[in-house]
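Have a look at the structure below before the remarks.
The values are calculated or read from the model by the stated rules, or taken from the named source; none is laboratory data. Just so it is clear, the model here is predicted, and its values are computed rather than measured. So basically every Cβ, Gly included, is an ideal-geometry build from the backbone, and we count neighbours across all protein chains shown.
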Amino acid sequence: MFSSSLPSPRQALVALGGGLVMATAFPSLDLWPLTLVGLIPLLWLARELPPRRAFLAGWIFGLAMNLALRYWLTVVMTTYGGVPWPLAILGLVLLELYLSLYVAAFAGLTSYLAGRGLSPILCAPFIWAGLEWVRGWAFTGFPWLPLSAGLTSFPVLLQSAEWWGATGVSGLVVLVNALVARALLPGGPRPEPRRRLAAGLVAVILLASAGLGGHWRMRQVERAAAQAPHLTVSVVQANIPLEELWRPGLRSSVVRRHLLLTAQAARKVTERPWLVVWPESAAPFYFLNDARDSLPVLKAARDLGAYITLGSQGLIKAGPPLTASNRAWLVGPQGEPLGYYDKVHLVPFGEYVPAPRVFFFIRAIAALGIDFKPGGRGDTLRAGDVLLGPLICYESIFPELAQAQRQQGAVLMVNQTNDSWYGRTGAAYQHMSHLVLRAVENRVAAARAANTGVSCFVLPDGRVEQATGLFVPAVETRRLPLLTMPTLFTRYGDVAGPLGLAFCLAAWLGAWISSRRKPKTGGQGQDSPQGR
(Lines give C-alpha, C1' and ligand atoms only; values in the text may rest on other atoms or scores of the structure.)
Protein backbone atom coordinates (compact mmCIF):
# COMPACT_ATOMS: atom_id res chain seq x y z
CA MET A 1 0.00 0.00 0.00
CA PHE A 2 2.76 2.41 1.00
CA SER A 3 5.00 1.36 -1.89
CA SER A 4 2.23 2.18 -4.34
CA SER A 5 2.57 5.84 -3.29
CA LEU A 6 6.30 5.91 -4.04
CA PRO A 7 7.86 6.88 -7.37
CA SER A 8 9.37 4.00 -9.31
CA PRO A 9 13.18 3.62 -9.28
CA ARG A 10 13.29 5.13 -12.77
CA GLN A 11 11.20 8.10 -11.74
CA ALA A 12 13.27 8.62 -8.58
CA LEU A 13 16.43 8.53 -10.70
CA VAL A 14 14.98 11.16 -13.05
CA ALA A 15 14.18 13.36 -10.05
CA LEU A 16 17.62 12.87 -8.52
CA GLY A 17 19.49 13.54 -11.76
CA GLY A 18 17.27 16.47 -12.64
CA GLY A 19 17.91 18.15 -9.29
CA LEU A 20 21.67 17.72 -9.62
CA VAL A 21 21.67 19.14 -13.14
CA MET A 22 19.48 22.06 -12.06
CA ALA A 23 21.99 22.98 -9.36
CA THR A 24 24.65 23.69 -12.00
CA ALA A 25 22.58 26.57 -13.38
CA PHE A 26 23.32 28.68 -10.28
CA PRO A 27 26.56 30.33 -9.13
CA SER A 28 29.35 29.48 -9.03
CA LEU A 29 29.05 27.23 -12.11
CA ASP A 30 26.59 29.69 -13.69
CA LEU A 31 25.36 27.44 -16.51
CA TRP A 32 22.46 29.87 -16.86
CA PRO A 33 20.78 28.34 -19.98
CA LEU A 34 19.90 25.35 -17.79
CA THR A 35 17.68 27.70 -15.76
CA LEU A 36 15.35 27.81 -18.77
CA VAL A 37 15.10 24.03 -19.25
CA GLY A 38 16.29 22.49 -15.97
CA LEU A 39 12.78 22.09 -14.56
CA ILE A 40 11.58 19.95 -17.47
CA PRO A 41 12.24 16.62 -15.63
CA LEU A 42 10.27 17.92 -12.64
CA LEU A 43 7.39 19.09 -14.84
CA TRP A 44 7.38 15.74 -16.62
CA LEU A 45 7.11 13.93 -13.29
CA ALA A 46 4.32 16.25 -12.18
CA ARG A 47 2.42 15.50 -15.38
CA GLU A 48 2.94 11.75 -15.40
CA LEU A 49 2.52 10.97 -11.71
CA PRO A 50 -0.49 11.28 -9.41
CA PRO A 51 -0.17 14.01 -6.77
CA ARG A 52 1.25 11.93 -3.92
CA ARG A 53 3.94 10.37 -6.08
CA ALA A 54 4.66 13.70 -7.73
CA PHE A 55 5.07 15.26 -4.28
CA LEU A 56 7.67 12.66 -3.28
CA ALA A 57 9.44 12.91 -6.64
CA GLY A 58 9.56 16.69 -6.23
CA TRP A 59 11.01 16.20 -2.76
CA ILE A 60 13.80 14.07 -4.22
CA PHE A 61 14.43 16.66 -6.97
CA GLY A 62 14.54 19.49 -4.44
CA LEU A 63 16.73 17.61 -1.98
CA ALA A 64 19.29 16.73 -4.66
CA MET A 65 19.37 20.32 -5.93
CA ASN A 66 19.52 21.94 -2.49
CA LEU A 67 22.19 19.63 -1.08
CA ALA A 68 24.34 20.24 -4.15
CA LEU A 69 23.90 24.00 -3.76
CA ARG A 70 24.31 24.34 0.01
CA TYR A 71 26.72 21.56 0.99
CA TRP A 72 28.95 24.38 2.26
CA LEU A 73 26.77 24.77 5.36
CA THR A 74 28.66 21.85 6.88
CA VAL A 75 31.88 23.85 6.45
CA VAL A 76 30.34 26.79 8.30
CA MET A 77 29.01 24.65 11.14
CA THR A 78 32.08 22.49 11.70
CA THR A 79 35.06 24.70 10.88
CA TYR A 80 33.75 27.92 12.38
CA GLY A 81 30.71 27.00 14.46
CA GLY A 82 32.35 24.25 16.49
CA VAL A 83 29.56 21.79 15.68
CA PRO A 84 30.61 18.11 15.43
CA TRP A 85 30.44 16.63 11.94
CA PRO A 86 27.55 14.21 12.62
CA LEU A 87 25.41 17.05 14.00
CA ALA A 88 26.44 19.32 11.12
CA ILE A 89 25.39 16.75 8.53
CA LEU A 90 22.16 16.13 10.40
CA GLY A 91 21.49 19.86 10.57
CA LEU A 92 22.13 20.26 6.83
CA VAL A 93 19.86 17.36 5.91
CA LEU A 94 17.05 18.58 8.16
CA LEU A 95 17.26 22.10 6.73
CA GLU A 96 17.26 20.87 3.14
CA LEU A 97 14.43 18.44 3.83
CA TYR A 98 12.40 21.44 4.93
CA LEU A 99 13.44 23.68 2.02
CA SER A 100 12.81 20.86 -0.45
CA LEU A 101 9.21 20.71 0.75
CA TYR A 102 8.55 23.79 -1.39
CA VAL A 103 9.70 21.96 -4.52
CA ALA A 104 7.66 18.93 -3.44
CA ALA A 105 4.58 21.09 -2.92
CA PHE A 106 5.12 22.60 -6.38
CA ALA A 107 5.21 19.18 -8.03
CA GLY A 108 2.29 17.82 -6.02
CA LEU A 109 0.00 20.80 -6.61
CA THR A 110 0.92 21.00 -10.29
CA SER A 111 0.06 17.31 -10.63
CA TYR A 112 -3.21 17.76 -8.77
CA LEU A 113 -4.34 20.66 -10.95
CA ALA A 114 -3.12 19.02 -14.16
CA GLY A 115 -5.25 15.99 -13.30
CA ARG A 116 -8.24 18.30 -13.22
CA GLY A 117 -7.60 19.87 -16.59
CA LEU A 118 -5.49 22.90 -15.64
CA SER A 119 -2.39 22.98 -17.84
CA PRO A 120 1.02 23.35 -16.13
CA ILE A 121 1.69 26.15 -18.60
CA LEU A 122 -0.99 28.16 -16.82
CA CYS A 123 -0.66 27.02 -13.22
CA ALA A 124 3.02 26.12 -12.69
CA PRO A 125 4.41 29.71 -12.87
CA PHE A 126 1.92 30.93 -10.27
CA ILE A 127 2.54 27.97 -7.98
CA TRP A 128 6.31 28.43 -8.05
CA ALA A 129 6.10 32.19 -7.50
CA GLY A 130 3.72 31.78 -4.57
CA LEU A 131 5.80 29.11 -2.86
CA GLU A 132 9.05 31.00 -3.46
CA TRP A 133 7.53 34.06 -1.81
CA VAL A 134 6.41 32.02 1.21
CA ARG A 135 9.92 30.60 1.55
CA GLY A 136 11.18 34.18 1.83
CA TRP A 137 9.33 34.89 5.08
CA ALA A 138 8.14 31.63 6.67
CA PHE A 139 10.06 30.68 9.84
CA THR A 140 12.14 33.90 9.66
CA GLY A 141 12.62 33.39 5.90
CA PHE A 142 15.40 31.93 3.78
CA PRO A 143 15.09 33.22 0.18
CA TRP A 144 18.62 32.06 -0.72
CA LEU A 145 18.91 31.48 -4.47
CA PRO A 146 15.47 32.10 -5.94
CA LEU A 147 15.09 30.54 -9.37
CA SER A 148 15.81 33.93 -10.95
CA ALA A 149 19.31 33.89 -9.37
CA GLY A 150 20.26 31.41 -12.07
CA LEU A 151 20.17 34.32 -14.54
CA THR A 152 22.36 36.78 -12.61
CA SER A 153 25.35 36.00 -14.82
CA PHE A 154 23.19 36.98 -17.84
CA PRO A 155 21.31 40.08 -16.62
CA VAL A 156 19.71 40.71 -20.02
CA LEU A 157 16.92 38.33 -18.97
CA LEU A 158 16.55 39.89 -15.52
CA GLN A 159 15.39 43.36 -16.50
CA SER A 160 11.69 42.79 -15.81
CA ALA A 161 12.57 42.43 -12.10
CA GLU A 162 12.01 46.19 -11.85
CA TRP A 163 8.28 45.42 -12.34
CA TRP A 164 7.61 42.34 -10.22
CA GLY A 165 10.89 41.54 -8.50
CA ALA A 166 12.95 38.38 -8.46
CA THR A 167 9.86 36.28 -7.71
CA GLY A 168 8.13 37.46 -10.88
CA VAL A 169 11.19 36.61 -12.95
CA SER A 170 11.20 33.14 -11.36
CA GLY A 171 7.58 32.70 -12.47
CA LEU A 172 8.54 33.65 -16.04
CA VAL A 173 11.40 31.14 -15.95
CA VAL A 174 8.95 28.40 -14.92
CA LEU A 175 6.65 29.46 -17.77
CA VAL A 176 9.48 29.01 -20.28
CA ASN A 177 10.28 25.59 -18.80
CA ALA A 178 6.63 24.56 -19.02
CA LEU A 179 6.34 25.71 -22.65
CA VAL A 180 9.52 23.88 -23.66
CA ALA A 181 8.36 20.76 -21.81
CA ARG A 182 5.04 20.86 -23.65
CA ALA A 183 6.84 21.26 -26.96
CA LEU A 184 9.38 18.48 -26.46
CA LEU A 185 7.63 15.84 -24.40
CA PRO A 186 4.91 13.69 -25.96
CA GLY A 187 1.95 12.89 -23.80
CA GLY A 188 -1.80 12.93 -23.47
CA PRO A 189 -4.39 10.54 -24.83
CA ARG A 190 -3.70 11.50 -28.47
CA PRO A 191 -0.93 13.19 -30.44
CA GLU A 192 -1.18 16.98 -30.45
CA PRO A 193 1.53 18.17 -32.86
CA ARG A 194 -0.07 21.55 -33.42
CA ARG A 195 -0.27 22.33 -29.72
CA ARG A 196 3.30 21.19 -29.18
CA LEU A 197 4.46 23.37 -32.07
CA ALA A 198 2.48 26.30 -30.70
CA ALA A 199 4.05 25.87 -27.26
CA GLY A 200 7.51 25.83 -28.81
CA LEU A 201 6.80 28.97 -30.83
CA VAL A 202 5.47 30.79 -27.78
CA ALA A 203 8.61 29.84 -25.82
CA VAL A 204 10.83 31.17 -28.62
CA ILE A 205 8.81 34.39 -28.88
CA LEU A 206 8.86 34.87 -25.12
CA LEU A 207 12.62 34.37 -24.90
CA ALA A 208 13.29 36.58 -27.91
CA SER A 209 11.10 39.31 -26.47
CA ALA A 210 12.81 39.05 -23.07
CA GLY A 211 16.23 39.13 -24.71
CA LEU A 212 15.57 42.04 -27.06
CA GLY A 213 13.54 43.96 -24.48
CA GLY A 214 16.16 43.34 -21.82
CA HIS A 215 18.96 44.53 -24.09
CA TRP A 216 17.02 47.67 -24.97
CA ARG A 217 16.20 48.35 -21.31
CA MET A 218 19.82 47.89 -20.24
CA ARG A 219 20.94 50.46 -22.82
CA GLN A 220 18.23 52.82 -21.63
CA VAL A 221 19.29 52.44 -17.98
CA GLU A 222 22.93 52.83 -18.99
CA ARG A 223 22.18 56.15 -20.73
CA ALA A 224 20.21 57.39 -17.72
CA ALA A 225 23.07 56.38 -15.41
CA ALA A 226 25.59 58.24 -17.57
CA GLN A 227 23.61 61.45 -17.09
CA ALA A 228 23.19 60.98 -13.32
CA PRO A 229 25.60 62.41 -10.71
CA HIS A 230 28.57 60.13 -10.03
CA LEU A 231 30.70 59.59 -6.96
CA THR A 232 33.95 57.66 -6.61
CA VAL A 233 33.71 54.65 -4.30
CA SER A 234 36.40 52.22 -3.16
CA VAL A 235 35.83 48.76 -1.68
CA VAL A 236 38.49 47.23 0.56
CA GLN A 237 39.09 43.49 0.87
CA ALA A 238 41.73 42.90 3.55
CA ASN A 239 41.61 39.07 3.42
CA ILE A 240 42.00 38.47 7.14
CA PRO A 241 41.59 34.85 8.29
CA LEU A 242 38.64 34.36 10.58
CA GLU A 243 40.76 32.92 13.36
CA GLU A 244 42.79 36.17 13.39
CA LEU A 245 39.87 38.54 12.97
CA TRP A 246 38.46 38.13 16.48
CA ARG A 247 41.72 37.63 18.37
CA PRO A 248 41.91 40.55 20.86
CA GLY A 249 45.67 40.96 20.51
CA LEU A 250 45.40 41.45 16.72
CA ARG A 251 42.78 44.21 16.66
CA SER A 252 45.30 46.93 15.86
CA SER A 253 46.79 44.78 13.10
CA VAL A 254 43.35 44.23 11.55
CA VAL A 255 42.63 47.96 11.49
CA ARG A 256 46.10 48.72 10.15
CA ARG A 257 45.69 46.36 7.21
CA HIS A 258 42.45 48.08 6.24
CA LEU A 259 44.12 51.47 6.58
CA LEU A 260 47.00 50.44 4.30
CA LEU A 261 44.60 49.31 1.59
CA THR A 262 42.58 52.51 2.01
CA ALA A 263 45.73 54.57 1.46
CA GLN A 264 46.49 52.41 -1.57
CA ALA A 265 43.05 53.23 -3.00
CA ALA A 266 43.82 56.94 -2.74
CA ARG A 267 47.12 56.51 -4.61
CA LYS A 268 45.78 54.30 -7.40
CA VAL A 269 43.26 56.76 -8.85
CA THR A 270 43.46 60.34 -10.07
CA GLU A 271 40.34 61.26 -8.13
CA ARG A 272 40.36 60.40 -4.46
CA PRO A 273 37.44 58.25 -3.34
CA TRP A 274 34.43 60.01 -1.88
CA LEU A 275 33.45 56.84 0.02
CA VAL A 276 35.58 53.91 1.20
CA VAL A 277 33.68 50.74 2.12
CA TRP A 278 35.24 48.36 4.61
CA PRO A 279 33.67 44.92 5.11
CA GLU A 280 31.65 43.50 7.96
CA SER A 281 33.77 43.03 11.10
CA ALA A 282 36.56 45.23 9.74
CA ALA A 283 36.69 46.74 13.23
CA PRO A 284 36.37 43.60 15.41
CA PHE A 285 35.58 45.50 18.59
CA TYR A 286 33.07 48.02 19.90
CA PHE A 287 33.90 50.96 17.66
CA LEU A 288 34.33 54.29 19.52
CA ASN A 289 34.23 52.45 22.87
CA ASP A 290 37.80 51.30 22.20
CA ALA A 291 39.60 54.61 21.63
CA ARG A 292 43.03 53.16 20.84
CA ASP A 293 41.84 51.23 17.79
CA SER A 294 39.08 53.67 16.78
CA LEU A 295 41.15 56.86 16.57
CA PRO A 296 43.28 55.68 13.59
CA VAL A 297 40.07 55.19 11.57
CA LEU A 298 38.84 58.69 12.40
CA LYS A 299 42.24 60.13 11.49
CA ALA A 300 42.35 58.23 8.18
CA ALA A 301 38.97 59.62 7.13
CA ARG A 302 40.14 63.14 7.96
CA ASP A 303 43.49 62.76 6.16
CA LEU A 304 41.80 61.28 3.10
CA GLY A 305 38.91 63.73 3.16
CA ALA A 306 36.51 60.87 2.51
CA TYR A 307 33.66 59.01 4.15
CA ILE A 308 34.49 55.56 5.53
CA THR A 309 31.88 52.97 6.40
CA LEU A 310 33.03 49.99 8.42
CA GLY A 311 31.59 46.94 10.13
CA SER A 312 31.82 46.65 13.89
CA GLN A 313 29.96 45.43 16.93
CA GLY A 314 27.58 47.90 18.54
CA LEU A 315 26.53 48.42 22.13
CA ILE A 316 22.88 49.17 22.78
CA LYS A 317 21.59 50.56 26.04
CA ALA A 318 18.26 48.81 26.30
CA GLY A 319 18.29 48.90 30.08
CA PRO A 320 20.47 46.61 32.17
CA PRO A 321 22.17 44.58 30.93
CA LEU A 322 23.66 46.09 27.76
CA THR A 323 23.11 44.18 24.53
CA ALA A 324 25.02 44.08 21.24
CA SER A 325 24.29 44.50 17.55
CA ASN A 326 25.95 43.87 14.19
CA ARG A 327 26.67 47.44 13.17
CA ALA A 328 27.87 49.51 10.21
CA TRP A 329 29.41 52.86 11.23
CA LEU A 330 29.79 55.91 8.98
CA VAL A 331 32.75 58.21 9.60
CA GLY A 332 32.79 61.64 7.92
CA PRO A 333 35.61 63.43 6.07
CA GLN A 334 36.25 65.63 9.10
CA GLY A 335 37.06 62.54 11.14
CA GLU A 336 33.77 62.52 13.02
CA PRO A 337 31.31 59.62 13.49
CA LEU A 338 28.09 60.47 11.63
CA GLY A 339 25.86 57.58 12.58
CA TYR A 340 25.36 53.86 12.39
CA TYR A 341 23.08 51.18 11.00
CA ASP A 342 22.23 48.05 12.97
CA LYS A 343 21.59 44.86 11.07
CA VAL A 344 17.85 44.23 10.77
CA HIS A 345 17.55 40.60 9.68
CA LEU A 346 19.75 38.57 11.99
CA VAL A 347 21.04 35.09 11.18
CA PRO A 348 19.04 32.51 13.16
CA PHE A 349 21.28 30.23 15.25
CA GLY A 350 24.21 32.49 14.36
CA GLU A 351 23.29 35.91 15.74
CA TYR A 352 20.32 34.88 17.82
CA VAL A 353 18.39 31.77 18.82
CA PRO A 354 14.74 31.82 17.71
CA ALA A 355 12.25 30.16 20.07
CA PRO A 356 14.93 29.74 22.77
CA ARG A 357 12.73 27.51 24.90
CA VAL A 358 12.50 25.03 22.03
CA PHE A 359 16.11 25.32 20.83
CA PHE A 360 17.68 25.71 24.27
CA PHE A 361 20.46 23.26 23.37
CA ILE A 362 21.70 25.22 20.31
CA ARG A 363 23.46 27.88 22.36
CA ALA A 364 25.56 25.29 24.16
CA ILE A 365 26.38 23.21 21.06
CA ALA A 366 27.40 26.17 18.88
CA ALA A 367 28.97 28.16 21.73
CA LEU A 368 26.70 31.08 20.84
CA GLY A 369 26.90 34.11 23.13
CA ILE A 370 24.23 36.73 23.67
CA ASP A 371 21.55 37.42 21.09
CA PHE A 372 22.13 40.50 18.94
CA LYS A 373 19.46 43.20 18.85
CA PRO A 374 18.07 44.07 15.37
CA GLY A 375 17.80 47.56 13.91
CA GLY A 376 14.86 49.14 12.07
CA ARG A 377 13.80 48.24 8.54
CA GLY A 378 14.43 51.07 6.09
CA ASP A 379 17.18 52.73 8.16
CA THR A 380 19.78 54.56 6.08
CA LEU A 381 23.05 56.43 6.58
CA ARG A 382 23.43 60.05 5.51
CA ALA A 383 26.73 61.05 3.90
CA GLY A 384 26.30 64.73 3.16
CA ASP A 385 23.39 65.01 0.74
CA VAL A 386 23.55 61.32 -0.17
CA LEU A 387 21.58 58.57 1.57
CA LEU A 388 23.27 55.17 1.70
CA GLY A 389 21.37 51.91 2.01
CA PRO A 390 23.52 49.54 4.11
CA LEU A 391 22.95 45.80 3.82
CA ILE A 392 25.02 43.76 6.24
CA CYS A 393 25.96 40.24 5.19
CA TYR A 394 23.01 38.12 4.06
CA GLU A 395 20.55 41.00 4.28
CA SER A 396 21.16 41.31 0.54
CA ILE A 397 19.06 38.17 -0.03
CA PHE A 398 15.92 39.85 1.32
CA PRO A 399 14.31 42.08 -1.33
CA GLU A 400 12.11 43.95 1.12
CA LEU A 401 15.10 45.41 2.99
CA ALA A 402 16.66 47.10 -0.04
CA GLN A 403 13.21 48.19 -1.19
CA ALA A 404 12.49 49.86 2.16
CA GLN A 405 15.80 51.75 2.04
CA ARG A 406 15.16 52.82 -1.52
CA GLN A 407 11.74 54.10 -0.50
CA GLN A 408 13.45 56.22 2.16
CA GLY A 409 15.61 57.84 -0.52
CA ALA A 410 18.77 55.71 -0.60
CA VAL A 411 20.58 56.20 -3.92
CA LEU A 412 23.51 53.86 -3.31
CA MET A 413 23.48 50.39 -1.74
CA VAL A 414 26.44 49.34 0.39
CA ASN A 415 26.77 45.62 1.11
CA GLN A 416 29.34 44.76 3.80
CA THR A 417 29.99 41.12 4.53
CA ASN A 418 32.48 38.62 5.85
CA ASP A 419 32.17 35.49 3.73
CA SER A 420 35.30 33.80 5.07
CA TRP A 421 32.93 31.43 6.88
CA TYR A 422 32.24 29.71 3.57
CA GLY A 423 35.83 28.73 2.81
CA ARG A 424 36.69 28.02 -0.83
CA THR A 425 33.19 26.97 -1.79
CA GLY A 426 30.67 28.41 -4.19
CA ALA A 427 28.74 30.10 -1.37
CA ALA A 428 30.54 33.45 -1.74
CA TYR A 429 29.46 33.66 -5.40
CA GLN A 430 25.93 32.58 -4.54
CA HIS A 431 25.76 35.25 -1.86
CA MET A 432 27.02 37.97 -4.19
CA SER A 433 24.50 37.10 -6.92
CA HIS A 434 21.59 38.38 -4.81
CA LEU A 435 22.95 41.91 -4.99
CA VAL A 436 22.41 41.81 -8.76
CA LEU A 437 18.70 41.19 -8.17
CA ARG A 438 18.47 44.06 -5.65
CA ALA A 439 20.19 46.45 -8.08
CA VAL A 440 17.82 45.68 -10.95
CA GLU A 441 14.69 45.66 -8.79
CA ASN A 442 15.41 49.17 -7.51
CA ARG A 443 17.61 50.52 -10.35
CA VAL A 444 20.34 51.46 -7.91
CA ALA A 445 24.11 50.96 -7.95
CA ALA A 446 25.74 48.90 -5.21
CA ALA A 447 29.21 48.59 -3.72
CA ARG A 448 30.13 45.32 -2.04
CA ALA A 449 33.06 44.87 0.34
CA ALA A 450 33.76 41.33 1.54
CA ASN A 451 36.59 40.45 3.89
CA THR A 452 37.81 37.55 1.74
CA GLY A 453 35.75 38.17 -1.42
CA VAL A 454 33.77 38.53 -3.55
CA SER A 455 34.06 42.34 -3.49
CA CYS A 456 32.63 44.16 -6.50
CA PHE A 457 30.39 46.88 -7.90
CA VAL A 458 26.94 46.23 -9.33
CA LEU A 459 25.45 48.73 -11.77
CA PRO A 460 21.74 49.60 -11.93
CA ASP A 461 21.29 47.37 -14.99
CA GLY A 462 22.65 44.33 -13.13
CA ARG A 463 26.17 44.20 -14.55
CA VAL A 464 28.88 43.16 -12.09
CA GLU A 465 32.14 45.09 -12.44
CA GLN A 466 35.63 44.68 -10.98
CA ALA A 467 34.85 41.52 -9.02
CA THR A 468 37.76 40.35 -6.89
CA GLY A 469 38.98 36.83 -6.35
CA LEU A 470 38.65 34.85 -3.15
CA PHE A 471 41.18 35.00 -0.31
CA VAL A 472 43.36 37.71 -1.81
CA PRO A 473 43.88 41.25 -0.48
CA ALA A 474 42.39 43.73 -2.92
CA VAL A 475 41.06 47.24 -3.32
CA GLU A 476 38.87 48.37 -6.20
CA THR A 477 37.68 51.86 -7.10
CA ARG A 478 34.94 52.99 -9.47
CA ARG A 479 32.70 55.95 -10.17
CA LEU A 480 29.12 54.93 -9.45
CA PRO A 481 25.94 56.66 -10.62
CA LEU A 482 23.42 57.99 -8.12
CA LEU A 483 20.44 56.99 -10.21
CA THR A 484 16.95 57.98 -9.09
CA MET A 485 14.89 55.96 -11.56
CA PRO A 486 11.58 54.90 -9.93
CA THR A 487 10.46 51.31 -10.39
CA LEU A 488 7.21 49.51 -9.78
CA PHE A 489 8.99 47.11 -7.46
CA THR A 490 10.36 49.92 -5.29
CA ARG A 491 6.89 51.38 -4.98
CA TYR A 492 4.79 48.25 -4.50
CA GLY A 493 7.25 45.52 -3.57
CA ASP A 494 6.77 41.86 -4.42
CA VAL A 495 3.32 41.50 -5.96
CA ALA A 496 4.05 38.34 -7.96
CA GLY A 497 4.48 36.20 -4.85
CA PRO A 498 1.20 37.08 -3.12
CA LEU A 499 -0.69 36.82 -6.41
CA GLY A 500 0.87 33.43 -7.04
CA LEU A 501 -0.08 32.20 -3.60
CA ALA A 502 -3.64 33.51 -4.02
CA PHE A 503 -3.87 31.68 -7.35
CA CYS A 504 -2.61 28.45 -5.74
CA LEU A 505 -5.22 28.57 -3.02
CA ALA A 506 -8.07 29.55 -5.36
CA ALA A 507 -7.16 26.91 -7.97
CA TRP A 508 -6.79 24.17 -5.38
CA LEU A 509 -10.06 25.10 -3.70
CA GLY A 510 -11.89 25.29 -7.03
CA ALA A 511 -10.53 21.93 -8.16
CA TRP A 512 -11.38 20.33 -4.82
CA ILE A 513 -14.95 21.64 -4.86
CA SER A 514 -15.37 20.52 -8.46
CA SER A 515 -14.10 17.02 -7.68
CA ARG A 516 -16.51 16.71 -4.74
CA ARG A 517 -19.46 17.56 -6.94
CA LYS A 518 -18.62 15.10 -9.71
CA PRO A 519 -19.69 11.46 -9.32
CA LYS A 520 -16.77 9.08 -9.11
CA THR A 521 -16.17 6.91 -12.18
CA GLY A 522 -14.67 3.48 -12.00
CA GLY A 523 -10.94 3.17 -12.48
CA GLN A 524 -10.24 6.89 -12.38
CA GLY A 525 -9.39 7.93 -8.84
CA GLN A 526 -8.02 11.30 -7.93
CA ASP A 527 -4.45 10.00 -8.17
CA SER A 528 -4.80 8.76 -11.70
CA PRO A 529 -2.41 10.41 -14.16
CA GLN A 530 -4.48 9.42 -17.16
CA GLY A 531 -5.87 12.03 -19.43
CA ARG A 532 -3.31 14.69 -18.66
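What the table below lists for this structure:
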item: Residue that is farthest from Gly168 (Cα to Cα) [pool: residues in the stretch 396-418 that are of a type in the set (S, T, N, Q) and touching a strand residue (DSSP E or B) at 6+ places or on another chain (Cβ under 9 Å)]; result: Asn418
item: Among residues of the stretch 250-274, those that are farther than 14 Å from Val236 by Cβ and either out of contact with any strand residue (DSSP E or B) (no Cβ under 6 Å at 6 or more places or on another chain) or crowded, with 17+ Cβ neighbours inside 10 Å (or both), counted; result: 7
item: Pairs where the first residue, in the stretch 1-30, is assigned by TED's automatic domain parsing to the domain that holds Ala54 and the second is of a type in the set (S, T, N, Q) and at pLDDT 95 or above, C-beta under 6 Å, 6+ apart; result: Ala25/Thr35; Pro27/Gln430; Pro27/Ser433; Asp30/Ser153
item: The one condition in (1) touching a Pro at 6+ places or on another chain (Cβ under 6 Å); (2) at pLDDT below 95; (3) buried (at least 21 other Cβ atoms within 10 Å of the Cβ) that Glu48 fails to fulfil; result: (3)
item: Tabulated pairs, the stretch 326-342, first assigned by TED's automatic domain parsing to the domain that holds Leu259 and of a type in the set (Val, Ile, Thr), second assigned to a strand (DSSP E or B) and surrounded by fewer than 17 Cβ atoms within 10 Å (Cβ to Cβ), C-beta under 6 angstrom, 6+ apart or interchain; result: Val331/Pro337
item: Unique match (being out of contact with any helix residue (DSSP H, G or I) (no Cβ under 7 Å at 6 or more places or on another chain), at pLDDT below 95 and assigned to a strand (DSSP E or B)) among Gly369, Gly339, Gly314, Gly319; result: Gly314
item: The stretch 273-287 residues that are closer than 15 Å to Leu245 by Cβ, paired with ones that are crowded, with 23+ Cβ neighbours inside 10 Å and of a type in the set (D, E, K, R) (beta carbon under 8 Å, 6 or more apart); result: Phe287/Arg327
item: Test: residue in the stretch 399-412 that is assigned to a loop (DSSP other than H, G, I, E, B) and within 24 Å of Phe154 (Cβ to Cβ); result: no
item: Single residue of Thr477, Thr452, Thr484 found to be hydroxyl-bearing (Ser, Thr, Tyr) and more than 27 Å from Leu245 (Cα to Cα); result: Thr484
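Each row is one residue, and each column tells you yes or no for (1) in a helix (DSSP H, G or I); (2) closer than 30 Å to Cys393 by Cα; (3) touching a residue at least 40 places away in the same chain (Cβ under 8 Å).
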position: Pro143; (1), (2), (3): no, yes, yes
position: Trp164; (1), (2), (3): yes, yes, yes
position: Thr167; (1), (2), (3): yes, yes, yes
position: Leu172; (1), (2), (3): yes, yes, yes
position: Ala178; (1), (2), (3): yes, no, yes
position: Arg182; (1), (2), (3): yes, no, yes
position: Pro186; (1), (2), (3): no, no, no
position: Arg196; (1), (2), (3): yes, no, no
position: Gly200; (1), (2), (3): yes, no, no
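Matching residues to (1) more than 22 Å from Ala467 (Cα to Cα); (2) outside the structural domain of Met65 (by TED's automatic domain parsing); (3) at pLDDT 95 or above:
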position	(1), (2), (3)
Gly117	yes, no, no
Ile121	yes, no, yes
Phe126	yes, no, yes
Gly136	yes, no, yes
Thr140	yes, no, no
Leu145	no, no, yes
Thr152	no, no, yes
